[in-house]
Amino acid sequence: MAEVVLKDVMKNYGNVYAVNNVSFTVEHGEFVALVGPSGCGKTTTLNLIAGLIPMSGGDISIGDRIVNELDPKDRDIAMVFQNYALYPNKTVFKNLAFPLQMRKLPKAEIEQKVNAAAKLLDISHLLDRKPRELSGGQQQRVALGRALVRDPAVFLMDEPLSNLDAKLRVQMRSEIKRFHHNLNATVVYVTHDQLEAVTMADKMAVMNGGLLQQYDSPANVFANP
Ligand code: ADP
Ligand code: ADP
């Protein structure tokens with residue numbers, strides 16, 4: 001089942017075509033890496049899927065709905081950023097619970113979902129800490145957990161590992177893959193790191209100058225550069 005469909009998507013800033021007529025389909029459960037050099041339009045594409053910026057043209061569907069005009073909160077997506085974007089004054093528990101409190105879920109259900117996410121991400125022992133008392137890798141796991149509790153149709157990740165040191169980055173790569181695999185999650189993942197894309201993605205969307213140049217498995221992308 002197609003989970004995310006971009007059709008002739010355009011975004012221009014004056015005469016800069018940040019995203020130029022891009023079309024691709026992400027199937028349910030697929031992990032797609034958006035790659036390409038700095039300034040090629042990766043983050044803009046992700047932000048368009050998220051609804052964080054308005055499109056100049058085209059259509060974006062998530063699930064069976066065209067979401068062109070919808071706010072991020074109505075799109076059934078969750079984002080994970082490189083700077084984690086955690087609430088500094090809330091405990092880990094409350095960081096994870098917050099999106100569920102916004103939805104006014106019953107307290108018992110919130111605790112159950114938070115505990116399940118914490119267990120999956122191995123942060124159950126950190127629930128009473130504040131973000132500043134955590135390592136970078138632990139903070140990134142909390143950020144993943146906060147996306148996870150919302151149970152979105154699509155996870156959108158923008159260079160989530162780029163602030164981690166090399167060793168932790170390698171470890172978190174396999175953790176995110178495990179997360180993807182266990183949940184059968186649909187993931188669109190921006191990275192400028194080719195190795196990250198190759199080791200993690202089912203498909204690579206290779207962009208250059210706002211254009212989508214290739215959309216294929218990592219093996220085929222490297223067989224036909
Ligand atoms: P990437 O994520 O691949 O590094 P971006 O999507 O951030 O690339 O940017 C694509 C292009 O759009 C770049 O040329 C960038 O300068 C331009 N761009 C991005 N955001 C804006 C903006 N708010 N105003 C003007 N130009 C922008
Ligand atoms: P506030 O002071 O803002 O009212 P509380 O500290 O009382 O917030 O916590 C709010 C809710 O979150 C409480 O009902 C509590 O059950 C739950 N909670 C907080 N931390 C944990 C935790 N580590 N494990 C389980 N539930 C927690």
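The values are calculated or read from the model by the stated rules, or taken from the named source; none is laboratory data. The structure presented is a predicted model; accordingly, all values stated were derived computationally and were not measured. Note: ideal-geometry Cβ built from the backbone for every residue, glycine included; neighbour counts use all protein chains shown. Side chains are part of the model used for accessible areas, which takes the heavy atoms of the whole protein and leaves out ligands, DNA and RNA. Shrake-Rupley method; radii C 1.70, N 1.55, O 1.52, S 1.80 Å.
Worth a mention:
- The set of residues in the range 124-176 being over 26 Å from Lys73 (Cα atoms), within 16 Å of ligand 2 (Cβ to nearest atom) and assigned to a loop (DSSP other than H, G, I, E, B) consists of Asp128, Arg129, Leu134.
- Selection from the range 99-130 of residues that are closer than 19 Å to Met157 by Cβ and open to solvent by 10 Å² or more (accessible area, probe 1.4 Å): Pro99, Leu120, Asp122
- You will find that of Val4, Val9, Val35, the residue that is within 24 Å of Asp151 (Cα to Cα) and either open to solvent by less than 30 Å² (accessible area, probe 1.4 Å) or within 16 Å of ligand 2 (Cβ to nearest atom) (or both) is Val4 and no other.
- Among the residues listed as Ala118, Ala108, the single one being of a type outside the set (D, E, K, R), more than 26 Å from Thr25 (Cα to Cα) and in contact with a His (Cβ under 9 Å, 6 or more places away or on another chain): Ala118
- Pairs, first away from ligand 1 (no atom under 16 Å from the Cβ) in the range 100-117, second open to solvent by 70 Å² or more (accessible area, probe 1.4 Å), C-beta under 7 Å, six or more apart: Ile110/Gln101
- Counting only strands (runs of 3 or more DSSP E) that sit wholly inside the range 1-66, those with at least 3 residues that are closer than 16 Å to Gln214 by Cα are 2-13, 16-27, 31-35.
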